[in-house]
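Colleague: One structure follows; several queries about it will come next.
The values are calculated or read from the model by the stated rules, or taken from the named source; none is laboratory data. Every value quoted in this text rests on a predicted model; they were computed, and no experiment measured them. Neighbour counts run over all protein chains shown; Cβ positions are idealised from the backbone, glycine included. When the accessible area is computed, the model is the full protein with side chains, heavy atoms only, and any ligands, DNA or RNA have been set aside. Shrake-Rupley method; radii C 1.70, N 1.55, O 1.52, S 1.80 Å.
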Amino acid sequence: MKAHDGMYIDGAWRPAVGADTIEVVNPVDEQVIGRVPAGTAEDVDIAVRAARAALPGWAATPPAERAARLTALRDVLVARKDEIAETVTAELGAPLPFSQMVHAGVPIAVAGSYAELAATHAFEEKVGNSTVYQEPVGVVGAITPWNYPLHQIVAKVAPALAAGCTVVLKPAEDTPLTAQLFAEAVAEAGVPAGVFNLVTGLGPVAGQALAEHPNVDLVSFTGSTAVGKRIGATAGAAIKRVALELGGKSANVVLPSADLAKAVSVGVANVMSNSGQTCSAWTRMLVHTARYDEAVELAAAAAAKYGDRIGPVVNAKQQARVRGYIEKGVAEGARIVAGGPESPRDQGYFVSPTVFADVTPDMTIAQEEIFGPVLSIIRYEDEADALRIANGTVYGLAGAVWAGDEAEAIAFARRLDTGQVDINGGRFNPVAPFGGYKQSGVGRELGSHGLSEYLQTKSLQF
Ligand code: NAD
């Protein structure tokens, strides 16, 4: 798609206040593929005013009509799914089949789920002598990352619109074209002017202005824990609602009774998918000492098959960061059994799918989020040891448990300090609550739990 040189505000594409732009680069060949405006605090202010002005009308729109607009939005995303996949591939570098299936497919499912929820959710209930109304929180400032560019947008905007909120979106610098395409889709779906607004720009400029804006009622942020902490502190000082979806360092716990070959092959695929740029990726594989060597051999063979087919990471900075972590792993005594710090290509921000063995739980690569195709395999002695290692990071976003017996896996999963656990390779569920324990975040996205983030209650007593 062709880049817009304006912002989508109050139902129209308008020129930005300043003249600065952001270059969009294709990570496969490092070529500039477009430019978008770098919004300022003034652009954010104009967008927030538009969202505020549209709020009373949208909040009062019957849920069935809001549902109809969301159904129309889902239909536009379906009609434009090839263009979505091509745009994500161009600015993120993901292989096209993955963009088609995941980057375009998942947001369609999520938009559809909120069309349904808007139509069926009980926005009003009787509690004893009270009627309790669930009302929209107000104007939402949504700040999203680049790793799943459309999914992260839809996971915020669709429930916000379903709830009756209005939105100003500040998408990631690396993937603004997908956000512009989404704004076109919102317009095509007949969502009234001002209900959804888009300001492209830099995080510390436009993002910060949005997070600090006094007329924003809820800041919904997905991104790094470092920025999330600042946004949380700003929101706290203003007694403002905040939802934070942050980093992760999830454990893939292979219990001794598990089907080892399946656990390892699915585990490696999970980490390599999207070039490792998935906050919920199971980047630590925990294997019992009796089966450790076998697991390492299987994982090394599985990773080697990917070669450079996984696509690059998003930009040069990310590539350097991931390579730095690989070098740090070696320096701290871990053993590379697949991949390594060298890029498999001369051009593009590629990183070799890398597997480390002999990783101990306190090593940097076992504690910090790498956000690249790097798997650490850690040995445990018994179940108590596995649990201590699995829970031994500041994060708690996701995880996996494999066991011969489902009940055994469930019992272990219930003791994990984490928001989501896949049992024996359980499938992604677009309506299951998604979000973190501990420093992985505050609040939940997706399904009815995601909708609740955008609602506040009012009780009338009779
Ligand atoms: P990031 O925190 O640098 O950026 C995320 C967004 O915040 C971008 O839109 C950016 O422009 C904006 N931003 C940056 N500085 C800001 C500031 N001072 N004020 C306001 N906004 C600001 O993160 P990233 O590098 O884009 O994304 C990768 C990180 O996101 C990883 O740590 C990953 O784990 C996390 N993530 C988490 C989830 C989740 O659901 N938990 C999902 C995807 C990504």
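Colleague: May I ask you to order 171-180, 115-124 by the average number of other C-beta atoms within 10 Å around their residues, highest value first? Could you put the intermediate results ahead of the total?
Modeller: Values: 171-180: 25.0, 115-124: 16.9.
Most protected by this proxy first, the peptides run 171-180, 115-124.
Colleague: Now, a different point. In region 251-430, what % of DSSP beta bridges are antiparallel (nearest 5)? Working shown, then result.
Modeller: On the way: 3 of 22 bridges.
Beta bridges within region 251-430, antiparallel portion: roughly 15 percent.
Colleague: Largest first and in whole Å, give the semi-axes of region 404-447's equivalent ellipsoid, each being the square root of 5 times a Cα gyration tensor eigenvalue.
Modeller: Rounded to whole Å, the semi-axes are 21, 14, 6.
Colleague: Near the amide H of Glu124, under 5 Å away, which other amide H atoms are found, from residues 5 or more places off or on another chain, if H is placed in the peptide plane?
Modeller: Placed amide hydrogens put Gln134 under 5 Å from Glu124.
Colleague: Going through the DSSP H helices of the chain, which span 27 Å or more along their own axis at the Cα atoms while scoring at least 0.5 as a mean Kyte-Doolittle hydropathy?
Modeller: none
Colleague: Right, here's the next one. Using alpha carbon centroids, what distance separates region 376-435 and region 276-318, in Å?
Modeller: 17
Colleague: Show that you can apply the helix-only estimate: for the chain, add -39,500 (n - 2.57) for every DSSP H stretch of four or more residues, divide by all residues, and state [θ] at 222 nm to the nearest 500.
Modeller: On the way: 15 runs with 178 residues, N = 462.
Roughly -12000 deg cm²/dmol at 222 nm, from the helical runs in the chain.
Colleague: Hey, if you drop one equal point scatterer on each alpha-carbon of the chain and run the Debye formula without solvent, what base-10 log of I(q)/I(0) do you get at q = 0.06, 0.11, 0.13 Å⁻¹?
Modeller: -0.26, -0.86, -1.16
Colleague: While we're looking at this one, here's another question. Evaluate the distance, in nm, between pseudo-label points positioned 7 Å from the Cα of Leu460 and of Glu383 along their respective Cα→Cβ axes.
Modeller: Here the modelled spin labels are 5.3 nm apart.
Colleague: Please list the radius of gyration and Dmax for region 107-175, considering alpha-carbon atoms only, with Å as the unit.
Modeller: Looking at region 107-175, its Cα Rg and Dmax stand at 14.6, 52 Å.
Colleague: Averaging over all projection directions, find the projected area of the Cα convex hull of region 347-439 and quote it in nm² with one decimal place.
Modeller: Details: hull surface 31.0 nm².
Averaging across all directions leaves 7.8 nm² for the Cα convex hull.
Colleague: Still on this structure, please answer the following. Give me the percent of the accessible area of the chain that comes from carbon and sulfur atoms, probe 1.4 Å, all protein chains in place. Mind dumping the intermediate values first?
Modeller: Numbers: 9470 of 17800 Å².
About 53 percent, which is the carbon plus sulfur part of the accessible surface.
Colleague: List every residue whose amide H lies under 5 Å from the amide H of Met285, counting only residues 5 or more places away in sequence or on a different chain, with H placed 1.01 Å from N in the peptide plane.
Modeller: Asn252, Ser376, Ile377, Ile378
Colleague: Out of all Cα-Cα pairs in region 251-430, roughly what percent, to the nearest whole number, are more than 31 Å apart?
Modeller: Of the Cα pairs, 10 percent sit more than 31 Å apart.
Colleague: Can you bin every Cα-Cα distance in region 61-133 into 10 Å intervals starting at zero and give me the percent of pairs per bin, rounded to whole numbers?
Modeller: 20, 33, 23, 14, 7, 2
Colleague: Taking loop as defined by DSSP and a crowding limit of 10 other beta carbons within 10 Å, which trypsin sites (Lys or Arg not before Pro) in region 379-462 fit?
Modeller: When the trypsin sites (Lys or Arg not before Pro) of region 379-462 are filtered for loop state and at most 10 Cβ neighbours within 10 Å, Arg414, Arg427 remain.
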